[in-house]
Amino acid sequence: MPKVYIETMGCQMNKSDTERMLGMLEHFGYEETKEPKEADLLMVNTCSIRQLSEDKAFSLLGLWGKWKKESRPHIKIGICGCVAQQKAEEVFKRAHYVDFVLGTHKIYSLPEIIKRINNGEKVCECAETNQTEDEKAKEYSIDRVKAVNAWIPITEGCNNFCTYCIVPYTRGRERSRQPELILKEAKDALKQGFKEITLLGQNVDSYGKDFKDKSYRLADLLKELNAIEGNFRIRFVTSYPTDITDELIQTAKDLDKVCEYFHIPMQSGNSEVLKKMNRRYDRETYGKIVAKIRTMVPDVTITSDFIAGFPGETEEQFRDTLSAIDEFELDYSNTAAYSPREKTVAAKWVDKFIPEDEKIERLARLNEKVRENCLKSNKKYVGREMEILVESFENHKGKNIITGRTRNNKLVHVPCETDRTGEFLNVKITGCKTWYLNGEIVD
Ligand code: SF4
């Protein structure tokens, strides 16, 4: 059996694509290996959100190219994901030993590509499309990573063109996958024993906007998923603030399987900066959306994303970001220093770039604020009883511990002598640290 190794970088969307590509390859006789030196087919599924990750992908290709030249001429090498989509044919100039480049739009072309490279061709499949690959997706199973949570993409691409973001250039225009296929993938995952379904998209709330033949949105999909029998949870990420409708909040609140968790990137706490980022809301509007969700959904966790040192951001504007985290009581935020990406509008504002050391200093202050608020948020739950879904079991410094997640996405460590992974347990929260809660099982 030929063996395949895929190195996956970046976001959950890439991880989900890798699971799908492995499913296709297994269908054609490949076996996955975790050891690149054993593989006949080596692939890197790339991310282009930051320069660092792009550089890492090319250095990995360089290493594999060396193996091919020096000792393993039979191996085939491929690059897929966002860097592949962006660089296309250029990859062959930079790394002549690469056999194929597969962009993000047509991952279901992989079987055909494998046939062609095995006949000695070099293949670049990076054409854009405004369609999903739903029909082809039905033909293959998905080789999901063994876990309790199954990721299911519901939209691909994005139409928003935030000035710092490369996604619209690498993932194309927004396309919604058909509900029937999503429901099938969810049922299959539940049959395989997964206990949680996370719906994925750059902008999940705009799901269905592009359907010409029906009026069907995220709230409708949630209702149909919720009606599937069994004990499981449903989550959805990522939400664009102004696309969150009252109907969606109410639906999420009413449905018993949908978790009390919203991830709503704010990116900056300053309205002027938001305008320059081409975000379609200001500080006040974002605050109102968060307040509405908090009023309607008790115990909801709201997390966000922020960029430090966007071109032209003043110290005062950066402080607005820090104060927004406090004012809107954001439970946790992902953070990053601004990194210019080719083709994006903000990457051209070179004269406004913030010096590297200043960006790093702002990022450190931002991270400190995130830590402070995360701890504050965790403290609210000490003494409470909560349900967790157990995700792992390990021995930590001589103690057996299970780790689970509450409905509102808090991690809880609980002493436990047996592996209870995949079970729903009630725990009492006995204490907390910055990033997690401690608990004990309630009989
Ligand atoms: S909404 Fe998100 S994915 Fe779309 S362009 Fe903006 S940051 Fe990028």
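The values are calculated or read from the model by the stated rules, or taken from the named source; none is laboratory data. Source: prediction; values computed, not measured. Neighbour counts run over all protein chains shown; Cβ positions are idealised from the backbone, glycine included. Note: areas computed on protein heavy atoms with side chains; ligands, DNA, RNA excluded. Shrake-Rupley method; radii C 1.70, N 1.55, O 1.52, S 1.80 Å.
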Pairs where the first residue, in segment 153-179, is open to solvent by less than 10 Å² (accessible area, probe 1.4 Å) and hydrophobic (A, V, I, L, M, F, W, C) and the second is assigned to a strand (DSSP E or B) and more than 11 Å from the ligand (Cβ to nearest atom), C-beta under 7 Å, 6+ apart: 154/176; 154/199; 154/200
Selection count where residues are within 16 Å of the ligand (Cβ to nearest atom) and farther than 29 Å from residue 340 by Cβ, scope segment 167-177: 1
Which numbered condition residue 339 misses (of (1) open to solvent by less than 70 Å² (accessible area, probe 1.4 Å); (2) at pLDDT 95 or above): (2)
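Rundown of residues vs (1) part of a loop (DSSP other than H, G, I, E, B); (2) farther than 30 Å from residue 316 by Cβ; (3) modelled with pLDDT under 95, yes/no style:
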| site | (1), (2), (3) |
| --- | --- |
| 365 | no, no, no |
| 369 | no, no, no |
| 381 | yes, yes, no |
| 387 | no, yes, no |
| 390 | no, yes, no |
| 414 | no, yes, no |
| 425 | no, yes, no |
| 439 | no, yes, no |
| 443 | yes, yes, yes |
Pairs with Cβ under 7 Å, 6+ apart, first in segment 114-128 and farther than 16 Å from residue 74 by Cβ, second among the polar types (S, T, N, Q): 125/109; 126/85
Filtered residue count, segment 283-293, keeping only those that are open to solvent by 10 Å² or more (accessible area, probe 1.4 Å) and within 16 Å of the ligand (Cβ to nearest atom): 2
Filtered residue count, segment 296-311, keeping only those that are under 18 Å from residue 348 (Cα atoms) and either part of a strand (DSSP E or B) or open to solvent by 30 Å² or more (accessible area, probe 1.4 Å) (or both): 2
Of the criteria (1) of a type in the set (Ser, Thr, Tyr); (2) more than 16 Å from the ligand (Cβ to nearest atom); (3) modelled with pLDDT of 90 or more, which one residue 104 fails: (2)
Residues being assigned to a strand (DSSP E or B) and either farther than 28 Å from residue 346 by Cβ or away from the ligand (no atom under 16 Å from the Cβ) (or both) - total across segment 120-166: 7
First in segment 97-108 and without any contact (Cβ under 8 Å) to a residue 40 or more places away in the chain, second anywhere and of a type in the set (Ser, Thr, Tyr) and in a loop (DSSP other than H, G, I, E, B), Cβ under 9 Å, 6 or more apart: 106/129
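Scan 46, 8 and give me the residue that is under 19 Å from residue 126 (Cα atoms), out of contact with any Asp or Glu (no Cβ under 6 Å at 6 or more places or on another chain) and open to solvent by 20 Å² or more (accessible area, probe 1.4 Å).
Numbers: 46 fails: open to solvent by 20 Å² or more (accessible area, probe 1.4 Å).
When all the criteria are applied, what remains is 8.
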